[in-house]
Amino acid sequence: MSLFKRLAQASAIALVLASGPAFAENKKVVLSQAFQSMLYLPLYVAIDEGFFTKQGIDLTKETAGSPSVALSAVLSGSAQFSLHGPEWTAIAASKGAPVSIIANVVNGAAVWIATSPDFKFDSVKDLKGKKVVVGQMPTTSTSLFLKLLKENGMTKDDIDMIPVQIGSEPGPFLAKQADVAVMYEPGLDQVVGKGMKVALGFPKQYGAYAFSDITAKNDVDPDIAQRVVNGLEMALRFMSAHPDETIAIAKKEFPTLDPTVVEAAVKRMMAEKVYPSSVDISAEALKVGMDTQIALGNLKEQPSYSSFVVKKYIEPALALK
């Protein structure tokens with residue numbers, strides 16, 4: 001075979017390999033997240049470690065500013081995927097919207113109650129008549145707190161709630177406007193670093209809890225959806241195997257935060273299994289999460305697990321080698 005023919009043959013083979021079905025050209029994808037949140041670290045790991053790229057995805061992350069706006073981006077078609085609490089998707093689906101959840105991102109009720117160091121906390125009833133800093137509704141942190149009060153025979157009228165913008169809870173709490181605060185990370189470890197104590201953790205209280213998931217329309221491109229779920233599965237496996245590298249990514253994503261706070265927050269959420277071990281969503285985790293919304297009157301009944309959680313993307317991702 002002549003040199004020219006050999007080169008032509010090699011070029012033809014390279015062209016076939018480059019244009020074959022195996023991720024020839026990165027497909028552009030838009031994912032709308034409710035907030036830039038440490039809870040969504042699996043997404044950032046997937047982006048920073050190139051797991052979406054390896055799956056043939058060119059993913060653009062957009063920050064909506066609220067769960068409802070993120071979900072609206074999917075419904076309008078300006079994004080293929082959104083990341084927020086599954087209750088928003090369930091409420092929309094109950095009203096006829098063609099949406100479901102396709103992957104797990106946060107599998108623990110990532111909310112904690114912190115108190116001043118000298119506050120006596122033996123049970124929830126110790127909060128009666130006290131001032132408590134909470135996030136402005138609607139937010140899962142305050143929803144969970146109200147549910148906890150109800151489970152202990154109390155209502156919001158039994159305490160003096162001080163609602164503030166989500167993420168700003170440490171300010172009034174550290175300023176001693178209240179002896180109790182309900183908060184997410186990294187706010188929790190910001191106040192712990194100032195001497196406050198953790199009185200109750202919802203991750204341990206509830207166990208597996210569908211807290212934040214990926215939403216898509218039912219007619220989403222199945223090939224793109226599978227690649228996105230695969231990338232997230234790879235990220236979750238990486239987080240379990242490489243905690244130090246995961247913390248480094250968190251510090252990169254939140255450069256304005258004290259690195260020691262970021263590290264403490266990530267370690268706490270990993271230890272308390274806030275981040276899932278896989279993209280799978282169990283029926284029990286979904287039920288526990290939706291029970292909160294039913295108790296608050298936001299949702300009338302549990303969504304059908306078999307149709308609401310799209311296993312056809314989850315199962316192949318779990319089988320990745």
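So here's what we get for this one:
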item: The listed residue being under 15 Å from R237 (Cβ atoms), aliphatic (A, V, I, L, M) and buried (at least 20 other Cβ atoms within 10 Å of the Cβ), out of V29, V45; result: V45
item: Residues located in the stretch 101-137, provided they are more than 15 Å from the chain's Cα centre (by Cα) and either crowded, with 22+ Cβ neighbours inside 10 Å or of a type in the set (A, V, I, L, M) (or both); result: W112, I113, A114, T115, V124, L127, V132, V133, V134, G135, M137
item: Selection count where residues are farther than 23 Å from M239 by Cα, out of contact with any Ser or Thr (no Cβ under 8 Å at 6 or more places or on another chain) and part of a helix (DSSP H, G or I), scope the stretch 276-309; result: 11
item: Segments classed as strands (runs of 3 or more DSSP E), wholly inside the stretch 154-221, with at least 2 members that are of a type in the set (S, T, Y) and under 20 Å from the mean Cα position of the chain (by Cα); result: 208-217
item: Enumeration of residues in the stretch 47-95 that are part of a helix (DSSP H, G or I), in contact (Cβ under 8 Å) with a residue 60 or more places away in the chain and of a type in the set (S, T, N, Q); result: T89, S94
item: Filtered residue count, the stretch 168-199, keeping only those that are without any contact (Cβ under 8 Å) to a residue 60 or more places away in the chain and surrounded by fewer than 20 Cβ atoms within 10 Å (Cβ to Cβ); result: 7
item: Checklist (1) modelled with pLDDT under 95; (2) over 19 Å from F254 (Cβ atoms) applied to V30, failing item; result: (1)
item: Flag for V228 being part of a loop (DSSP other than H, G, I, E, B) and within 22 Å of P316 (Cβ to Cβ); result: no
item: Unmet requirement for I214, which otherwise passes all of (1) over 23 Å from L127 (Cβ atoms); (2) free of Cβ contacts under 8 Å to residues at least 12 places away in the same chain; result: (2)
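To keep it simple, each residue is scored yes or no on (1) more than 22 Å from G207 (Cα to Cα); (2) touching a Leu at 6+ places or on another chain (Cβ under 7 Å); (3) of a type in the set (K, R).
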site: P67; (1), (2), (3): yes, no, no
site: S78; (1), (2), (3): yes, no, no
site: G85; (1), (2), (3): no, no, no
site: A109; (1), (2), (3): no, yes, no
site: V124; (1), (2), (3): no, yes, no
site: V132; (1), (2), (3): yes, no, no
site: P138; (1), (2), (3): yes, no, no
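The values are calculated or read from the model by the stated rules, or taken from the named source; none is laboratory data. Nothing here was measured: the structure is a model prediction, and the numbers come from that model. Note that each Cβ is placed from the backbone with ideal geometry, even for glycine, and that neighbours are counted across all protein chains shown.
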